[in-house]
Amino acid sequence: MAGYQQDFLGNGIILPIPRFSIDLSPEVHEAGKVFDYPTYSLVMNRSANKRSPVIVCLNIDQDKLKSTSRSNRWRTDPRIGADNQLDNAYYANNPWDRGHMARRTSAAWGNTKRDAQFAADETFFYSNSCLQHENLNQDEWVALEEWVYDLNLDSNDKITSFSGPFYGDFDRSVHPSGRSLALVPAGFFKVACFVNKDTQKLDVRAFVMYQDADAIRDKRGRTVYNNEHYQVTITEIEQLTGLRFDDSIYHANPLYYREDNTQPGENVVHVPEHIEVSKPEDIIAQGEARQTLHDDIVDIFIAAAMVDPEGPDAHHEWVSLINLGNEIVDISGWTLSDNSNKKLLIDSVLTDPTRRIMNPGESVVIKDVSPLQLSNNQDVIMLCDSDGARIDRVTYLKHMVRTGKPVLFLTPRDTLE
């Protein structure tokens, strides 16, 4: 089997499989033995309560991708040993999906359709899967996978992807009858590497996605929801996983971990950087200015939203705001927007200027948010001040939406339950 090719991107770029930290090394199966599949390779975690891939390294040739059928014939890899993998007993009768780390459709490429079908079928090994909540696997994770699959920033239709799980201090677990316990990952990482079509140099985008409520406390103090995912630094992924990526990947990632590395004009406020991602336009490129964030400065919150009112949605959707700070806030000139970048000037709804003055503890309802069209499946609502600085940002998924009932954002909740 060909397996992962470290020189796949060309242009003299060599991307070796990451090394392992002192803390991670004792858990790595057979001292880091690499197991090859047609278009990807992986290293396993031999820890009895994990038995999951440490990292999965996938080459994607977009020019040779082909449509294939889904075999869904999951099996253990005999080279690794059944005792070192989580089989179907851990995924049966529970909300945990067999989450591909090397995605079937992204691995399905080759010179012929037969080659591509074989490569797709060879992704159905338990060694290539992790305990991934069904809501995450079928919504947010697949959206990230689609972004990588459709990537058009590269110069030669070639992408290298590194993916895998990370664990936290208070992981949930799955314990099938008669079997040993397995920890559920706190979340997952993905690093996409490619040759930038403009610079002809290595470019990198790195992401983490959480599925553990105890692992997703925002570094700046606010609670975030489990369906959130972030563009992050390579250093953060290394700290979460114990992996050590090649220096070239570290330097090619556009986000900053330390303040002394930041560049003027990029509007970097918080380090390490943690950029919420809901659509491709949210992803930061090299030298790109960040949005100004006033989330921690102004205590106006999006409290709730009527996403699916009884009867027609148009002109009946609403959003409520609340002032949980100690100061009076004037929201004149502020805007609400959705994930499609449609914007509503709040002044156009609150025509009485006195209603735009929010006293401490006071709330206000924006009763008609047109032209926003809040999706009943999932969406983002963002509140910005008159200068365009972000005051609050909330997200919701389909299972949080109930007809005639508002989606609440201030109540701490685990959106994966």
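Here, each number is a calculation from the coordinates, and none is a lab measurement. This is a predicted model, so every value here is computed, not measured. Don't worry about glycine lacking a Cβ; one is built from the backbone with ideal geometry, like all the others, and counts go over all protein chains shown.
Take Arg258 and Ser375, extend 7 Å from each Cα along the Cα→Cβ direction, and tell me the distance between the two endpoints in nm.
With each label point 7 Å from Cα toward Cβ, the separation is 4.0 nm.
Looking at the square roots a ≥ b ≥ c of the eigenvalues of the Cα gyration tensor of segment 1-118, which shape do they give, rounded for a/c under 1.5, prolate if a/b is larger than b/c, or oblate?
oblate
Which lysines, if any, have their Cα less than 24 Å from the Cα of Lys66, not counting same-chain residues under 8 positions apart?
Counting by Cα, and skipping residues close in sequence, Lys66 has these lysines nearby: Lys113, Lys158, Lys190, Lys197.
Would you mind computing, in nm to one decimal, how far apart the modelled labels at Gln138 and Lys405 are, each placed 7 Å from Cα along Cα→Cβ?
Taking the two extended label points, one gets 1.9 nm.
Can you give me the relative contact order of the chain as a percent, contacts being Cα pairs under 8 Å and 6 or more apart?
Relative contact order for the chain comes out at 12 percent.
For Arg70 and Ala82, compute 0.36 nm times the residue count separating them, minus their Cα-Cα distance, and round to one decimal in nm.
2.0 nm
Please give the Cα centre distance for segment 165-180 versus segment 26-94, rounded to the nearest Å.
18 Å
How much mean residue ellipticity at 222 nm does the chain get from its helices, if each DSSP H run of length 4 or more adds -39500 (n - 2.57) and you divide by all residues, to the nearest 500 deg cm²/dmol?
Using -39500 (n - 2.57) per qualifying helix, the result is -2000 deg cm²/dmol.
If you stretched the chain out fully between Ala389 and Ser25, how much longer would it get, using 0.36 nm times the residue separation minus the C-alpha to C-alpha distance?
Full-extension gain reported as 126.7 nm.
Going Cα to Cα from Lys405, which lysines come in below 17 Å? Please leave out same-chain ones fewer than 8 positions away.
Lys367
Where the only charges are on Cβ atoms (+1 Lys, Arg; -1 Asp, Glu), what is the dipole of the chain about its Cα centre, to the nearest 20 debye?
Rounded to the nearest 20 debye, it is 1380 debye.
Can you give the FRET efficiency for Ser348 and His175, using 1/(1 + (r/R0)^6), R0 = 35 Å, r = Cβ-Cβ distance, to the nearest 0.05?
After rounding, the FRET efficiency stands at 0.05.
What distance in nm lies between label points placed 7 Å from Cα along the C-beta direction at Asn196 and Asn111?
Between Asn196 and Asn111, the simple spin-label model gives 3.5 nm.
Determine which aspartates and glutamates satisfy two conditions relative to Lys342: a Cα distance under 20 Å, and not lying fewer than 8 residues away in the same chain.
Answer for Lys342, where 20 Å is the Cα cut-off: Glu276, Glu281, Asp282, Asp308, Asp313, Glu317, Asp368, Asp379, Asp385, Asp387, Asp392, listed by chain and number.
Could you calculate the FRET efficiency of Ile283 with Arg355 from 1/(1 + (r/R0)^6), where r is the beta carbon distance between them and R0 is 51 Å, rounded to 0.05?
That gives a FRET efficiency of 0.90.
Just to confirm a number: summing +1 for Lys and Arg and -1 for Asp and Glu over residues other than Leu86 whose beta-carbon lies under 10 angstrom from that of Leu86, what do you get?
After counting each charged neighbour, the total is +3.
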